1. If contacts are Cα pairs under 8 angstrom and at least 6 residues apart, what is the relative contact order of region 1-109 in percent?
2. What Kirkwood radius, in Å to one decimal, follows from the Cα pairs of the chain?
3. Any idea how far the Cα center of region 106-147 sits from the one of region 9-47, in Å?
4. Between Ala15, Ala31, Ala67, which gets the highest mean-square fluctuation from a Gaussian network model of the chain, Cα cutoff 10 Å?
5. Evaluate the charge dipole of the chain about its Cα centre and quote only its size in Debye, nearest 20, assuming +1 on the Cβ of each Lys and Arg and -1 on the Cβ of each Asp and Glu.
6. Could you check which residue among Gly54, Gly128, Gly153 shows the biggest mean-square fluctuation in a GNM of the chain with a 10 Å Cα cutoff?
7. Report the GluC sites (Glu not before Pro) located in region 83-144 that are in a DSSP loop and have at most 13 other Cβ atoms inside 10 Å of their Cβ, or state none.
8. Hey, can you list the DSSP H helices of the chain whose Cα span along the axis is 27 Å or longer and whose average Kyte-Doolittle score is at least -1.0?
Amino acid sequence: MVEGEQLVMRLHPHARTMFWPAVYLMLIVAAVVTLMLVLPAKTVGLMPIRAGIGVAALAAAFVWVGAPFLRWRTTTYEVTTRRLRLREGILSRSGRDFPLNRISDVSFSQSLLDRLFGSGKLIVESPGEHGQLTLTEIPDVKRVQAVLFELVGEESARVARTDS
């Protein structure tokens, strides 16, 4: 962060993004338990079959649960007193910074399901080639929008004072 800049809030996408991965995990566990119960208990040579089932279950759990979890945890939205910072990526990272004095509008939208979970879509507009940024699954999106809108106004006033 630059001198005089302070972190106001750090967010991850809403935890509801992990709903389907959690369902997949339960299905994987149910399938493994069912397969283990269906296999005869005293048959010779079952160890490789059980090991294969375990390896397949671990691979499926990594693909459908582990990777989405890592993606969720490594995606961060930071609001500072000077900019909006986006960071994402598991192995390789990418980021994008929006100076608050370049933001022209901050709005949000919520579907019925978003309202039930307290999340929503944050839309940040700025002049230039990238124009509009839409962030989905933002927790407590109304509060984030209000804080960001207030900070944009304060930063614009600060820049105007330093320019004159």
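1. On the way: 104 pairs, mean separation 35.8, N = 109.
Over region 1-109, the number comes to 33 percent.
2. 18.9
3. Between the Cα centres of region 106-147 and region 9-47 lies a distance of 33 Å.
4. So, out of Ala15, Ala31, Ala67, the one fluctuating most is Ala31.
5. Values: 19 positive and 15 negative charges, 148 e Å.
For this selection, approximately 700 debye.
6. Comparing Gly54, Gly128, Gly153 in the GNM, the peak value goes to Gly128.
7. Working: sites: Glu88, Glu125, Glu129, Glu137; in loops: Glu129.
Sites meeting the loop and neighbour criteria: Glu129.
8. 19-38, 141-163
Where a number appears in this text, it was derived from the coordinates with a stated rule and is not lab data. Please read these numbers as outputs of a predicted model, since none were measured by experiment. Note that we place each Cβ from the backbone using ideal geometry, even for glycine, and neighbour counts take in every protein chain shown.
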